[in-house]
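A.B. asks: Attaching a single structure in structure tokens format; questions to follow.
Values in this text are rule-based calculations from the coordinates and carry no lab data. Because the structure is a prediction, the values reported are computed rather than measured. Cβ atoms come from the backbone with ideal geometry, glycine included; neighbour counts cover every protein chain shown.
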Amino acid sequence: MNLADSAFLRACRRQPVPHTPVWYMRQAGRALPEYLKVREGVPMLQACATPDLAVEITMQPVRRYGVDAAVFFSDIVVPLKAIGVDLDIKPGVGPVVAQPIREEADLDALRPLEPDDVPYVTEAIRALTGELGGTPLIGFAGAPFTLGAYLIEGGPSRNHDHTKAMMYGEPRLWHALMDRLTGIVLAHLRLQVEAGASAVQLFDSWVGAVAPADYRAYVLPYTRRIFEGLADLDVPRIHFGVGTGELLGLLGEAGADVVGVDWRVPLDEAARRVGPGKALQGNLDPAILLAPWEAVERKAREVLREGRQAEGHVFNLGHGVLPSTDPDQLKRLTDLVHAS
């Protein structure tokens, strides 16, 4: 099959599709026994930097589920690690930064990203595009706000205290940090597309912590710059955040072709908030997959029905696959979406 004919890429471009396409955030990962087997004893960032391993892990859910797109196995902190930021991914915790960014001198740690910093990314993506054939590969990156929050806090945070304190109290430092991260993120996404990725997703996992007016002032200029910087590559651009119901219109303004929606807002209402000219992605609650199949089927059909109000719909979860999910539930869900 020609890539341009894939249901996923057609839905992203708001074109007619033979069936609703489906893929899952974190489909390549902890819910799969084959993933746990190949990752045994291998730290996360080492796995990301090992092309053969990244290829195998990316392919696993495509083989098992028959999804309409693969998502490149990596992590949002990979480009930061590649430019020399002292960080690690602690099991059960997440990214932990040794020296948080709290003052202007700390910005020196953030030099521009060069292709030679991440040769393993290019190598893995080139190998994947050969293996995947007609199945599109989604490249991805963390958005400047979310990467900035990790760097400022030093790790995951419930309230983002230090992040907001800098944003409100030291706006010059905030904008300097966002500017540097924007360049790094844009470079990382461009090199993934140039290596063969046929779509990209920008994850802004923590941006739901800010109010709409603050998003417009402190975040929107940078996400917009990233999407504008990808426009010449002519690949679908997806924007996703968690807890972003109040921001959906602004996420649409940022310039993506597809707006990802978490499970808190029905897709028909999301279509109204985002406005015309965009496809939507989402938005089954990942926790529903832990319930009996009858509950999964009922909610999935509801999502499909509401998704018809969008100009294009890519079925997905409202966040990533939970580690305790039964892979058979995801296979059954994929088949249901394809048959609907």
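A.B. asks: For Cα pairs less than 8 Å apart in space and 6+ apart in sequence, what is the mean separation divided by the residue count of region 196-298, i.e. the relative contact order in percent?
C.D. replies: 25 percent
A.B. asks: Okay, moving on. Mind ordering 272-281, 139-148 by average Cβ neighbours within 10 Å, highest first?
C.D. replies: Output ranking for 272-281, 139-148: 139-148, 272-281.
A.B. asks: Highest mean first, how do 65-78, 217-230 rank when packing is the count of other Cβ atoms within 10 Å averaged over residues?
C.D. replies: 65-78, 217-230
A.B. asks: Using only C-alpha atoms and all pairs of different ones, pull out the Kirkwood radius for region 98-147 in Å with one decimal.
C.D. replies: It works out to 14.0 Å.
A.B. asks: What net charge do the residues around GLU114 carry, taking every other residue with its C-beta under 15 Å from that of GLU114, with Lys and Arg at +1 and Asp and Glu at -1?
C.D. replies: +1
A.B. asks: Follow-up question, since we're still on this one. Counting only helical runs of four or more DSSP H residues, what would the 222 nm mean residue ellipticity of the chain come to if each run contributes -39,500 (n - 2.57) and the total is spread over all its residues?
C.D. replies: Helix contribution divided over all residues of the chain: -13000 deg cm²/dmol.
A.B. asks: Something else: Based on the alpha-carbon gyration tensor of region 206-281, what equivalent-ellipsoid semi-axes (square roots of 5 times the eigenvalues) come out, in whole Å, largest first?
C.D. replies: So the equivalent ellipsoid measures 18, 16, 9 Å along its semi-axes.
A.B. asks: Excluding residues fewer than 8 places away in the same chain, name every one of the aspartates and glutamates whose C-alpha is closer than 14 Å to that of LYS331.
C.D. replies: Within the straight-line cut-off, LYS331 pairs with ASP68, GLU297.
A.B. asks: Just to confirm a number: summing +1 for Lys and Arg and -1 for Asp and Glu over residues other than LEU251 whose beta-carbon lies under 12 angstrom from that of LEU251, what do you get?
C.D. replies: 0
A.B. asks: Quick check: the angle from helix 119-132's long axis to the longest principal axis of the chain, C-alpha only, nearest 10 degrees?
C.D. replies: 10 degrees
A.B. asks: Positive end of the charge dipole of region 233-340 (Lys, Arg +1 and Asp, Glu -1 on Cβ, about the Cα centre): tell me which of ALA310, PRO292, LEU322 has its Cα farthest that way.
C.D. replies: ALA310
A.B. asks: Let me see the pair-distance distribution of region 98-239: every alpha carbon pair, 10 Å bin width, integer percents in order.
C.D. replies: Cα pair-distance distribution for region 98-239, in percent: 11, 40, 32, 15, 2, 0.
A.B. asks: What's the ranking of 3-9, 31-37 by average number of surrounding C-beta atoms within 10 Å, highest first?
C.D. replies: 3-9, 31-37
A.B. asks: Placing unit charges on C-beta atoms (Lys and Arg positive, Asp and Glu negative, everything else neutral), compute the dipole magnitude of region 3-339 about its Cα centre in debye, rounded to 20.
C.D. replies: Computed about the Cα centre, the dipole is about 760 debye.
A.B. asks: Here's another thing I want to ask about it. As a test, work out the antiparallel percent of DSSP beta bridges whose residues both lie in the chain, rounded to the nearest 5.
C.D. replies: Once the DSSP bridges in the chain are tallied, antiparallel ones form about 15 percent.
A.B. asks: Let me ask you something else. Considering Cα pairs under 8 angstrom that are at least six residues apart, work out the relative contact order of region 3-339 and quote it in whole percent.
C.D. replies: Taking the mean separation of contacting Cα pairs over the length of region 3-339, I get 21 percent.
A.B. asks: Please list, short to long, the whole-number percent of alpha-carbon pairs of region 219-336 in consecutive 10 angstrom bins beginning at zero.
C.D. replies: The distribution over region 219-336 is 14, 43, 30, 12, 1, given as percents.
A.B. asks: Gap in Å between the Cα centre of region 56-89 and the Cα centre of region 93-144?
C.D. replies: Rounded to whole Å, the Cα centres lie 9 Å apart.
A.B. asks: Ok, one more. With +1 on the Cβ of every Lys and Arg and -1 on the Cβ of every Asp and Glu, and nothing else charged, how large is the dipole of region 170-242 about its Cα centre, in debye rounded to the nearest 20?
C.D. replies: 100 debye
A.B. asks: Still on this structure, please answer the following. Tally Lys and Arg at +1 and Asp and Glu at -1 over the other residues with C-beta under 14 Å from the C-beta of GLU194: what net charge comes out?
C.D. replies: -3
A.B. asks: Viscosity 1.306 mPa s, temperature 10 °C: Stokes-Einstein D of region 1-152 from its Kirkwood Cα radius, in µm² per second?
C.D. replies: This corresponds to a translational diffusion coefficient of 93 µm²/s.
A.B. asks: Oh, and also: List the pairs from LYS37/LYS90; LYS81/LYS164; LYS164/LYS299; LYS37/LYS81; LYS81/LYS278 whose alpha-carbon separation is above 27 Å, in the order I gave them.
C.D. replies: LYS164/LYS299; LYS81/LYS278
A.B. asks: Using modelled backbone amide H atoms (1.01 Å from N, in-plane), which distant-in-sequence or interchain residues come within less than 5 Å of ASN283's amide H?
C.D. replies: Under 5 Å from the amide H of ASN283: ASN316.
A.B. asks: Which value in nm describes the separation of the simple spin-label points at ASP234 and ALA105, placed 7 Å from the Cα toward the beta carbon?
C.D. replies: Placing both labels 7 Å along Cα→Cβ, they lie 5.0 nm apart.
A.B. asks: From the P(r) of region 3-339, could you give the percentage of C-alpha pairs in the tail past 30 Å?
C.D. replies: The share of Cα pairs beyond 30 Å in region 3-339 comes to 31 percent.
A.B. asks: Residue farthest toward the positive end of the dipole of region 3-339, with Cβ of Lys/Arg at +1 and Asp/Glu at -1: which of GLY66, HIS19, MET178?
C.D. replies: The listed residue farthest towards the positive side: HIS19.
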